[in-house]
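Encoded as structure tokens, the structure appears first; notes follow it.
The values are calculated or read from the model by the stated rules, or taken from the named source; none is laboratory data. Keep in mind that what you see is a predicted model, and the values were worked out from it rather than measured. Here the Cβ positions follow ideal geometry from the backbone for every residue, glycine too, while neighbour counts run over all protein chains shown.
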Amino acid sequence: MSNAPEKLAIHGGEKLRKTPMPPRLAFGPAERQALMEAAEYYAGRDEDPPYQGRYEEEFCRRFAAYQGGGHADAVSSGTASVFVALAALDLPKGSEVVISPVTDSGPLNCIIMLGLTPVVADSAPDDYNMGLEQLASRFTPRTSGVLAVHSAGQPLAIDAMVEAAHARGIKVLEDCSQAPGADWNGRKVGSWGDIAAFSTMYRKTLTAGASGGLVYSPTEELYRTALAHADRGKPAWRKDLDLRDPGHALFPALNFNTDELSCAIGIASLARLDESVAARRAFLARLCEELPKASRVCRPSHLDPGCSPFYFPVMVDVDAISCTKTEFARAVAAEGIGLGEHYGCLVSSWSFAKGHLSDGFDTPNALSMRDRSFNLYVNERYGEQEVRDVVAAIAKVEAWYRR
């Protein structure tokens, strides 16, 4: 009997998982019903669905309550939510905003386009999230804000970060785009800083159509400022004005409004957010139990109990394999496992950003994390079979490439 490892699918062997990983299907029965109900509501009133109507008001009210109180405004995208929230902080032009090392390009571009200077902080070791020590080391007398990203749905140690920033008079914007529904020390992310931005695009745990976002603040004053920045500077809370007249604007601003139909979808998605998050956590908890039993090369990254998983990094011991990390990840993917082999959302690696950053700091911890991990895709329909298949695929590839 041969002890040779099984031929990998990437080399022409039989694929381990024969059927695709379960699609998320965020636009499910409840979301479809909510969309139709909203359409019928306006048809029954002989009206076209507007913006800033009944469904947006309800979506924002329910989301603010979910966050533990405060105020929310729905906008057209996650990037729009960051832009509006950052604009509402009214930071001095040219001042510095410290940003997490791992994020979409949208938040970085918001800093630049608002006339501020981005300063990239590093992540904590073996993490995509910014560390407190790494954040504090980037403060200067010119720092006016922090854009703290809860990467991958794993919550930052945000209480300590807010305390450190506020002690220096620095404002904090929590970017919760990848973390709707996450909590830190029993309190929802987004409720710790001065203001928060959320994405509700179709791949996020909270979904309001193809693209969308929410701006949230615990305080009414900051909420109102954000509300005006989201709709051409209009004081939307004023009921004694004809807001169709642009002359009532408080300041120059753009239009980031969303629509009623998207908000109806968001209401339905919000109703099952906790269930969606719990299912993702359960899948990853089982994976974290089983993977170390089967692998000497791969290990799960840290899983915070308050996470709202968006993707999940798996660490690879690159010295223990005879191929590159990327080749290893591609081989696992070829076995039928959905994953991202090489994460591109590292600010310091973007050539277009170089001329806009405060300096040439290259975030070594974040780069090391990228080069020693691949990211499993995650959704709430993954279950025990997916745990077994992910572990088996990694073990199969490891048997081929392990030194």
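General observations
- The set of residues in region 285-308 being in a helix (DSSP H, G or I) and of a type in the set (G, A, S) consists of A285, A294.
- Restricted to region 14-111, the set of helices (runs of 4 or more DSSP H) holding at least 1 residues that are farther than 30 Å from A334 by Cα and without any contact (Cβ under 8 Å) to a residue 12 or more places away in the chain comprises 29-44, 54-66.
Results for (1) among the small types (G, A, S); (2) modelled with pLDDT under 95; (3) over 12 Å from the mean Cα position of the chain (by Cα); (4) within 18 Å of Y128 (Cα to Cα), shown as yes or no for each residue.
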site	(1), (2), (3), (4)
Q178	no, no, no, yes
A182	yes, no, no, yes
N185	no, no, yes, no
V189	no, no, no, yes
A208	yes, no, yes, no
G212	yes, no, yes, no
S217	yes, no, yes, no
E221	no, no, yes, no
T225	no, no, yes, no
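- The set of residues in region 120-137 being touching a residue at least 60 places away in the same chain (Cβ under 8 Å) and either among the small types (G, A, S) or on the phi < 0 side of the Ramachandran plot (or both) consists of V120, A121, D122, S123, A124, P125, D127, Y128, G131, Q134.
- When M201 is tested against (1) within 22 Å of V149 (Cα to Cα); (2) of a type outside the set (F, W, Y); (3) surrounded by 22 or more Cβ atoms within 10 Å (Cβ to Cβ), exactly one condition is not met: (3).
- For region 335-351, the candidate set comprises residues that are in a helix (DSSP H, G or I) and free of Cβ contacts under 8 Å to residues at least 40 places away in the same chain; within that set, the residue that is farthest from H11 (Cα to Cα) is S351.
- Yes/no for A282 being part of a helix (DSSP H, G or I), at pLDDT 95 or above and within 22 Å of F198 (Cα to Cα): no
- Residues that are without any contact (Cβ under 8 Å) to a residue 24 or more places away in the chain, surrounded by fewer than 19 Cβ atoms within 10 Å (Cβ to Cβ) and farther than 19 Å from S276 by Cα are absent from region 211-220 altogether.
- Filtered residue count, region 299-334, keeping only those that are touching a residue at least 40 places away in the same chain (Cβ under 8 Å), over 22 Å from the mean Cα position of the chain (by Cα) and closer than 30 Å to G186 by Cβ: 0
- Cross-chain or 6+ apart pairs with Cβ under 8 Å, region 239-258 first and free of Cβ contacts under 8 Å to residues at least 40 places away in the same chain and not assigned by TED's automatic domain parsing to the domain that holds C60, then basic (K, R) and assigned to a loop (DSSP other than H, G, I, E, B): none
- When residues in region 364-403 are screened for being surrounded by 23 or more Cβ atoms within 10 Å (Cβ to Cβ) and of a type in the set (S, T, N, Q), 1 of them pass.
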